[in-house]
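Here's the structure, in structure tokens; my notes come after.
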Amino acid sequence: MKRRTFAGIGAGVFLLPLAAACGNGDDSGDGGGDGLVVGFAQVGAESAWRTANSESVQAAAEADDRIAELKFVDAQQDQEKQIEAVRNFITQQVDVIVLAPVVETGWTDVLQEAADAGIPVVLADRGIEAADEDLYVTRLGSDFAEEGRKAGQWTVDTFAADPDGVTRILELQGTTGSAPANDRKAGFFEVLDGEGLAYELVDSQSGNFTAEEGKAVMETFITTHGLEGIDLLYAHNDEMGLGAIQAIEEAGYAPGTDIQIIIVDGSKAGFQAGVDGKLNYIVECNPVFGEQLMDVVVAVSEGDEVEKFTPVEEGVFDASQFEAELPNRQF
Ligand code: GZL
């Protein structure tokens, strides 16, 4: 690949490379060559959402003749492994780096190295702290705070008229320090506080977006607080919610009845649990954005102006919709 020198990478505007070239070292400057070489540092394989996201991106790259190669790394939810992958992409002089940052902080040095090497970075899915926003061109993913607000609004609508007055809540947070965990929490309580719901957050711990850890934390919640008088479990993703459902049933309680449950993602397993009456509200988080991501990667490589954030489309579903929607779920 010809080394590029960029006039600058402003927030959301990726200035035209001084010498546009493709990943195969074509020096013609005419955009010829066999397509782009893209490095993708993926979070891991911790959930059905993540697996579907990886499959969507890999399938889109494979089908897109503008993409010569997708170098894919599963970082197993380990930031050091992601940083190592990005450094390897820089060494290999890929055309564009795609990063799904496991957490929001700790990226400054490696993203500066990519900028110094003239390689644009696109964030897929999760975001990073605002201080580093000039070190990536754009983020394609969900508005996690809005997902939290949707969960909060259903909670207010469901419990505002609660006869005993105080809604008692347990929260299973996603990976500590991750954008979806931080923002799904912030959006949720922004609505509860803004709407004046009387609530008590009885406990809130991270289940790291996995079923195993979600179940273990729920078991601890039950041991510590019991379930009598707990109105709601807010789980930041399906896997943790499904793990919690197992713990609730093993404790002799009826999930979805004795305790209302909200999950975020919208997997087949999540919707099936809804059809089975074991949970009450699903906020969709859409992982299937591979084709949209390829368009963004190509636009960035060509120096087109792109928005700093492109939200993917996603909805919400209550118990009356679970059965009809289940066949439509893609992961
Ligand atoms: C959200 C994504 C989250 C999912 C989880 O966009 O980062 O990570 O909600 C996944 O299922 O583990």
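Exactly one of these conditions fails for residue 127: (1) within 12 Å of the ligand (Cβ to nearest atom); (2) in a helix (DSSP H, G or I); (3) out of contact with any Cys (no Cβ under 7 Å at 6 or more places or on another chain); (4) not β-branched (Val, Ile, Thr). Give me its number.
Only one criterion in (1) within 12 Å of the ligand (Cβ to nearest atom); (2) in a helix (DSSP H, G or I); (3) out of contact with any Cys (no Cβ under 7 Å at 6 or more places or on another chain); (4) not β-branched (Val, Ile, Thr) is unmet by residue 127, namely (2).
What residue, of 85, 61, 115, is out of contact with any helix residue (DSSP H, G or I) (no Cβ under 8 Å at 6 or more places or on another chain), in contact (Cβ under 8 Å) with a residue 12 or more places away in the chain and away from the ligand (no atom under 14 Å from the Cβ)?
Testing whether each residue is out of contact with any helix residue (DSSP H, G or I) (no Cβ under 8 Å at 6 or more places or on another chain), in contact (Cβ under 8 Å) with a residue 12 or more places away in the chain and away from the ligand (no atom under 14 Å from the Cβ) leaves just 85.
Within the group 254, 198, 235, which residue is surrounded by 15 or more Cβ atoms within 10 Å (Cβ to Cβ) and either within 18 Å of the chain's Cα centre (by Cα) or at pLDDT 95 or above (or both)?
Just one listed residue meets the conditions, 235.
Any idea which residue in segment 293-331 is surrounded by the most Cβ atoms within 10 Å (Cβ to Cβ), counting only those that are under 15 Å from the mean Cα position of the chain (by Cα) and under 28 Å from residue 35 (Cβ atoms)?
Only one residue tops the list, namely 293.
State all residues of segment 48-67 that are crowded, with 20+ Cβ neighbours inside 10 Å, of a type outside the set (A, V, I, L, M, F, W, C) and touching a Gly at 6+ places or on another chain (Cβ under 7 Å); if no residue qualifies, say none.
50, 56
Which condition breaks for residue 273 when tested against (1) assigned to a helix (DSSP H, G or I); (2) surrounded by 24 or more Cβ atoms within 10 Å (Cβ to Cβ); (3) within 16 Å of the ligand (Cβ to nearest atom)?
Going through the list (1) assigned to a helix (DSSP H, G or I); (2) surrounded by 24 or more Cβ atoms within 10 Å (Cβ to Cβ); (3) within 16 Å of the ligand (Cβ to nearest atom), residue 273 breaks only (2).
Residue 85 - would you say it is more than 17 Å from the chain's Cα centre (by Cα), assigned by TED's automatic domain parsing to the domain that holds residue 132 and within 26 Å of residue 208 (Cα to Cα)?
Spelling it out, residue 85 is indeed more than 17 Å from the chain's Cα centre (by Cα), assigned by TED's automatic domain parsing to the domain that holds residue 132 and within 26 Å of residue 208 (Cα to Cα).
Kindly list, by first and then second residue, each pair from a residue in segment 34-55 that is at positive phi to a residue that is surrounded by fewer than 20 Cβ atoms within 10 Å (Cβ to Cβ) and of a type in the set (Gly, Ala, Ser), limited to pairs with Cβ atoms under 7 Å and residues at least 6 apart or on different chains.
From segment 34-55, the pairs are 35/68.
Would you confirm whether any residue within segment 216-228 is part of a loop (DSSP other than H, G, I, E, B), touching an Asp or Glu at 6+ places or on another chain (Cβ under 6 Å) and not assigned by TED's automatic domain parsing to the domain that holds residue 52?
For segment 216-228, residues part of a loop (DSSP other than H, G, I, E, B), touching an Asp or Glu at 6+ places or on another chain (Cβ under 6 Å) and not assigned by TED's automatic domain parsing to the domain that holds residue 52: absent.
I'd like the full set of residues that are in contact (Cβ under 8 Å) with a residue 40 or more places away in the chain and under 28 Å from residue 151 (Cβ atoms), limited to segment 292-315.
292, 293, 296, 307, 308, 309, 310, 311, 312, 314
Of the numbered conditions (1) more than 16 Å from the ligand (Cβ to nearest atom); (2) out of contact with any helix residue (DSSP H, G or I) (no Cβ under 8 Å at 6 or more places or on another chain); (3) of a type in the set (A, V, I, L, M), residue 202 satisfies every one except a single condition; which is it?
Unmet for residue 202, out of (1) more than 16 Å from the ligand (Cβ to nearest atom); (2) out of contact with any helix residue (DSSP H, G or I) (no Cβ under 8 Å at 6 or more places or on another chain); (3) of a type in the set (A, V, I, L, M): (2).
Picking from 53, 88, which residue would you name as being at pLDDT 95 or above and touching a Pro at 6+ places or on another chain (Cβ under 7 Å)?
After applying the criteria, what remains is 53.
The values are calculated or read from the model by the stated rules, or taken from the named source; none is laboratory data. No experiment lies behind these values; they were computed from the predicted model shown. Backbone-built Cβ (ideal geometry, glycine too); neighbour counts: all protein chains shown.
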